[in-house]
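Novice: Structure incoming, see below.
The values are calculated or read from the model by the stated rules, or taken from the named source; none is laboratory data. Since the model is a prediction, treat every value here as computed from it, not as a measurement. Positions of Cβ are generated from backbone atoms using ideal geometry, with glycine treated the same way; all protein chains shown enter the neighbour counts. All accessible areas refer to the heavy atoms of the entire protein, side chains included, with ligands and DNA or RNA removed. Shrake-Rupley method; radii C 1.70, N 1.55, O 1.52, S 1.80 Å.
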Amino acid sequence: MIIVMEPNAREEDIARVEAKIRENGLKVHISRGTERTLIGAVGDERKLEPKVFEILPGVERSLHILKPYKLVAREWHQANTTIDIGGNIIGGKEIQVIAGPCSVETDEQMAKAAAAAAAAGARLMRGGAFKPRTSPYAFQGKGVEGLTMLKNAAAPMKLPVVTELMDVRMLDTFLEYGVDVIQIGARNMQNFDLLKEVGRVDVPIILKRGLSATISEWLMAAEYIAAGGNLKIIFCERGIRTFETAYRNVLDVTAIPVLKRETHLPVIVDPSHAGGKAWMVPALSCAAVAAGADGLLIEVHPSPLDAWCDADQALSPDEFSALMKTLAGICGAVGRALPLPDDIKTKRSA
Ligand code: PEP
Ligand code: MN
């Protein structure tokens, strides 16, 4: 951290800053220029807050040199981190698509959704058992029963499952039921106690971007998980709230290359919650992959018109299958791969 003194700072002001730096266990490096003095705090500067110095007399401003996040930062770990979820690698050359309904409803709906997801080439299945709904009177999810339904539907298709954890008290149940990937939803991105707890487990985490979160806040939220020891973190851009009302959220495509530069961790995109309408999902999915996303999280329902939650944005199995074919072409054009079941079959029989 650098503390810039005012031109008329007195020796006692400099000494006060120096003492404060030492109090925090850092070393001091003073550089006296012709007009002003710069004081460097050398050591783990992330412990220090610029504000602590800015209120002191004679201090003009104080700034961090290092990024406030460390474990998730690319400057700390240059190579891309890949995360293996049941043999499906996220963050490598292949794009991974996670598909399934917004919420777990019935065994039949889940079996059809799993079959549709697998047939089109999705490698993981989603389905919410605990739903964060705006209204307390809306369907809140099937709860623990939903976890069983999700696992039962996905198992025959060999699809690992992704589901949202809203309450830290359910974490042990999630582990007991063998949830393969824990999703932290947009509304909980800054639920720091929840982040600390999922930081202690050895299960991959999808960390969705908060509705109005800056990229720096999002990275810091991931740092909470990483600081607990869990570095299996996947960022998921799902659209942010802006002044625009023509769609549910604005998919921040710019966030994809920015995050890929800032962090070594994988970045995926949820085009369904971004657009909020099924017809927007193909265009947003293509944009995401073209911009460098490592995967997609897409809502697919066997019968969208009957969905209990987010019916407007769910793709039908046919729409999903058509989208996967389009995406395979885009992936090829940007040096990525999306092996579809047909390609895999052809390769195996060749
Ligand atoms: C979801 O994926 O079902 C969901 C509720 O998403 P978000 O947290 O992004 O709103
Ligand atoms: Mn949804």
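Novice: Can you give me the three principal axis dimensions of segment 241-350 from its C-alpha atoms, in Å, biggest first?
Specialist: The Cα atoms of segment 241-350 stretch 52, 40, 20 Å along their principal axes.
Novice: Heavy atoms of the protein only, probe of 1.4 Å, neighbouring chains included. What is the accessible area of residue 151 in Å², nearest 10?
Specialist: Only protein atoms counted, so the area is about 60 Å².
Novice: With all distinct Cα pairs included, what does the Kirkwood hydrodynamic radius of segment 135-217 come out to in Å, to one decimal, could you say?
Specialist: 13.8 Å
Novice: Calculate, for residue 283 and residue 61, the FRET efficiency according to 1/(1 + (r/R0)^6) with r their C-beta to C-beta distance and R0 56 Å; round to the nearest 0.05.
Specialist: E between residue 283 and residue 61, to the nearest 0.05, is 0.80.
Novice: Here is a further query. With viscosity set to 0.692 mPa s and temperature to 37 °C, compute the Stokes-Einstein D of the chain, Rh being the Kirkwood radius across alpha carbon pairs; µm²/s, no decimals. Walk me through the numbers before you get to the answer.
Specialist: On the way: Rh = 21.8 Å.
D = 150 µm²/s.
Novice: Which percent of the accessible heavy-atom area of the chain goes to carbon and sulfur, probe 1.4 angstrom?
Specialist: Carbon and sulfur atoms account for 54 percent of the accessible area of the chain.
Novice: When only the heavy atoms of the protein chains count and the probe is 1.4 Å, how do 76, 218, 279 rank by accessible area, highest first?
Specialist: From most accessible down to least: 279, 76, 218.
Novice: Would you kindly derive the ³J(HN,Hα) couplings of segment 148-164 from the backbone phi angles with the Karplus curve 6.51 cos²θ - 1.76 cosθ + 1.60 (θ = phi - 60°), listing them in order in whole Hz, with x for Gly and Pro?
Specialist: Here the 3J(HN,Hα) series is 5, 4, 5, 4, 4, 6, 7, 4, x, 8, 6, 9, x, 10, 10, 8, 7 Hz.
Novice: Residues of the chain: accessible area per residue at 1.4 Å, in Å²?
Specialist: Value for the chain: 46 Å² per residue.
Novice: Right, here's the next one. For 135, 62, what's the largest-to-smallest order of accessible area, 1.4 Å probe?
Specialist: Reading off the accessible areas and sorting them downward yields 135, 62.
Novice: When the gyration tensor of segment 73-120 is built from Cα positions, what are the square roots of 5 times its three eigenvalues, in whole Å, from largest to smallest?
Specialist: On the way: eigenvalues 203, 28, 12 Å².
Result for segment 73-120: semi-axes of 32, 12, 8 Å.
Novice: Compute the Rg to Rh ratio over segment 222-285 from the alpha carbon atoms, using the Kirkwood formula for Rh, and round to two decimal places.
Specialist: Ratio value, two decimals: 1.05.
Novice: Now, a different point. Taking the Kirkwood radius as the inverse of the mean 1/r across Cα pairs, report the Rg/Rh of segment 172-327. Can you show the working numbers first?
Specialist: On the way: Rg = 15.6 Å, Rh = 16.1 Å.
Radius of gyration over Kirkwood radius for segment 172-327 works out to 0.97.
Novice: If we sort 7-13, 17-23 on the protection proxy, mean other Cβ atoms within 10 Å, highest first, what's the order?
Specialist: Numbers: 7-13: 12.4, 17-23: 16.0.
Taking the mean over residues of other Cβ atoms within 10 Å, the ranking is 17-23, 7-13.
Novice: Could you check the spin-label model distance between residue 78 and residue 134? Points 7 Å from the Cα along Cα→Cβ, value in nm.
Specialist: 4.7 nm
Novice: Turning to a different aspect of this structure: With only Lys, Arg, Asp and Glu charged, each at its Cβ (+1 for the first two, -1 for the last two), find how big the charge dipole of segment 91-137 is about the Cα centre; round to the nearest 20 debye.
Specialist: 200 debye
Novice: Taking the Cα centre of the chain as the origin, how large is its charge dipole in debye, to the nearest 20, when only Lys and Arg (+1) and Asp and Glu (-1) carry charge on their Cβ atoms?
Specialist: 560 debye
Novice: Still on this structure, please answer the following. With a 10 Å radius around each residue's Cβ, average the other Cβ atoms per peptide and rank 95-103, 78-86, highest first.
Specialist: Listed from highest to lowest mean packing, they are 95-103, 78-86.
Novice: In addition: Hey, can you rank 283-291, 119-127 by average C-beta count inside 10 Å, highest first?
Specialist: 119-127, 283-291
Novice: When all alpha-carbon pairs of segment 1-115 are counted, what percent fall beyond 16 Å?
Specialist: For segment 1-115, the share of Cα pairs beyond 16 Å comes to 70 percent.
Novice: Just name one of 141, 86, 313: the one whose Cα is farthest towards the positive end of the charge dipole of the chain (beta-carbon charges, Lys/Arg +1, Asp/Glu -1).
Specialist: Result: 86, furthest along the dipole toward the positive end.
Novice: Could you work out how far the C-alpha centroid of segment 254-325 sits from that of segment 91-108, in angstrom?
Specialist: A separation of 10 Å, based on Cα centres.
Novice: Would you calculate the convex hull of the Cα atoms in segment 193-237 and tell me its volume per residue in Å³?
Specialist: 60 Å³
Novice: In whole Å, what are the extents of segment 80-193 along the principal axes defined by its C-alpha atoms, from largest to smallest?
Specialist: Result, largest extent first: 40, 36, 25 Å.
Novice: Of 134, 148, 346, 37, which has the most accessible area and how do the rest follow, probe 1.4 Å?
Specialist: Ranking 134, 148, 346, 37 by accessible area, largest first, yields 134, 346, 148, 37.
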